[in-house]
Amino acid sequence: MDVFLTGAGGYIGGAVARRLIREGHTVRGLTRTPGVVDVLAAAGITPVVGDLDDAALLTREADRADAVVNAAHSDHRGAVAAFVDALRGSGKVLIHTSGTSVIGDDAQGQYASEVVFDDAKPFGPGDHELRRARYAIDRSVVDAGAAGVRSVVLCNSLIYGNGTGPRPQTVLIPPLVTQAQAGKTVRSSDAA
C-alpha cells in the first residue's frame, strides 16, 4: 500500500512508518520541519514538507494514497476534516491517533460507576472543553465509516520507552523526569 502519514518524524509516526516500510509498504511522511527531510529519507520515508493547516496538501496526499495515518496532532480538527472529506466514498483507510483522555473523568479516586464512558451521554457538567473537542474529532473519524471510509481511532495512553522511528524518544517522559530532577519531587502531568 501507499500510505500517507502525518507526524512521520515523531515518536508514534516514526514507529508506524518503520513498521509499514518493514512490511513492504511505501510511506510518504508529512513534516513541518525542513531539517528533518534527510532523516526521514534515510529511514525510507518519502518526505512531504508542509503542515496540518494546508488542507489542499492534505487532500492531494490523501487522494494519491491507499491509506492515511494521522499521527501528528489528535486535536487538529481541520486536518481530520480534510482527510474525511478527501476520502469520502473511496473505501480507503483512515487511522487517527487520539488519546485516552476522551474517557477520563475527575473522580479523584472515588468510585462513581461501573460505566467509564457512554456514547449516549459522554460528558458531565464538569468536563473539560478539550475532552469534548477531542471526542467530537474522534467521533467524526468513526462516523466517516458511514460515508465509505474505512476508519478507526486509536486511543493511545501514555507512550514511553525507546522508539523505533527517526526520533526514538517520546516527548512525554523526558520533560517529566527533568521536572522531577529540578524540583526534587515527582509531579503529575497536566497534559491532556
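For the condition of a type in the set (G, A, S), at pLDDT 65 or above and outside any loop (DSSP other than H, G, I, E, B), S74 does not qualify. Within the stretch 40-51, the set of residues being out of contact with any Leu (no Cβ under 7 Å at 6 or more places or on another chain), surrounded by fewer than 22 Cβ atoms within 10 Å (Cβ to Cβ), at pLDDT 95 or above and not in a helix (DSSP H, G or I) comprises G44, T46, V49, D51.
In the set A62, A133, A79, A56, only one residue is at pLDDT 95 or above, part of a helix (DSSP H, G or I) and surrounded by fewer than 19 Cβ atoms within 10 Å (Cβ to Cβ); that residue is A56. Contact map, the stretch 17-30: first residue under 22 Å from D51 (Cα atoms) and assigned to a helix (DSSP H, G or I), second residue open to solvent by less than 60 Å² (accessible area, probe 1.4 Å) and small (G, A, S), Cβ cut-off under 7 Å, separation 6 or more or different chains; pairs are A17/A8; A17/G29; A17/A43; A17/G165; R18/A43; R18/G165. Against the condition in contact (Cβ under 8 Å) with a residue 24 or more places away in the chain, farther than 27 Å from G148 by Cα and part of a loop (DSSP other than H, G, I, E, B), how does G89 come out, does it pass? No, not satisfied.
For V69, the criteria (1) part of a helix (DSSP H, G or I); (2) modelled with pLDDT of 95 or more hold in every case but one, which is (1).
Just one of the numbered conditions (1) assigned to a loop (DSSP other than H, G, I, E, B); (2) open to solvent by less than 70 Å² (accessible area, probe 1.4 Å); (3) at pLDDT 65 or above is not true of S151: (1).
The values are calculated or read from the model by the stated rules, or taken from the named source; none is laboratory data. Worth saying up front: this structure is predicted, and the values here are computed from it rather than measured. Note that we place each Cβ from the backbone using ideal geometry, even for glycine, and neighbour counts take in every protein chain shown. Ligands, DNA and RNA are excluded from the accessible area calculation, which covers all protein heavy atoms including side chains. Shrake-Rupley method; radii C 1.70, N 1.55, O 1.52, S 1.80 Å.
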